Amino acid sequence: MEQSEIFEAAKAGNLEELKKLLKGKSDINETNKSGASALILASEKNHTEVAKFLVEEGADLNIETKMGGTALNRAAENANLELLEYFLEKGAGIGNLALIAASRTGNIEAVKLLVEAGADVDAQQRWGHTALMLAAKEGNTDVVKYLIDEGANVKLRDKNGDTAMMIAMDNEQDDIALILRRAGAKAESKPKKEVAPVTDEDEDVDLDDTPDVDDLVSDDDDAPDDVDLDD
């Protein structure tokens with residue numbers, strides 16, 4: 001029996017098939033190439049009953065993918081309050097990403113649940129983004145107000161040096177920028193990078209034969225505009 005059958009059943013939400021598979025020798029906590037377990041896959045696809053069944057059968061709530069994703073993070077991304085409450089009751093570690101995911105989604109009840117359970121409002125993921133930054137970017141006003149009320153630091157910066165205020169302004173979230181300013185954030189603009197003037201020698205260069213500039217100067221420390229929270 002191939003372990004992949006459990007992954008497929010979990011993703012499909014096929015509870016009966018999972019029950020059959022787990023009567024054999026399948027390891028409920030086995031992970032796929034990306035490090036995801038059946039529980040993480042079921043949670044990602046929002047299969048609440050399947051996820052609960054797996055936990056009751058001994059699935060480890062705190063398994064992480066290679067990028068740090070957990071079942072709780074998936075439930076937060078889906079704003080699945082039932083699963084969030086269940087996972088927390090069963091002892092899931094909160095980590096840094098669940099609140100950030102919920103804040104980006106904009107579900108205020110999920111955000112409140114995680115904060116009340118002890119989530120760090122100033123936690124930063126690998127690009128330096130906070131829950132406040134992503135809520136500001138997405139225009140989630142209620143979440144922004146709540147996070148500020150809970151003490152979120154409006155002056156934190158991501159790896160590009162951007163604050164929540166700068167991110168809000170870049171994304172034309174004017175109302176949120178105003179809220180942030182009233183909370184003590186300062187309006188700033190990014191310094192423009194100097195561009196070297198073109199010389200006569202440069203005019204003869206065939207740019208089509210050169211590697212893409214981004215490939216030459218790519219720096220993984222720079223935060224992307226579109227944030228993948230599976231890390």
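Structure summary
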| read-out | value |
| --- | --- |
| Residue match in the stretch 18-33 (condition: part of a loop (DSSP other than H, G, I, E, B) and under 14 Å from Gly69 (Cβ atoms)) | yes |
| Answer from Ala92, Ala79, Ala98 - the residue that is of a type in the set (A, V, I, L, M), in a helix (DSSP H, G or I) and closer than 19 Å to Thr48 by Cα | Ala98 |
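Only the coordinates and a few stated rules stand behind these numbers; no lab work does. These figures come from a predicted structure and were not determined experimentally. Note that we place each Cβ from the backbone using ideal geometry, even for glycine, and neighbour counts take in every protein chain shown.
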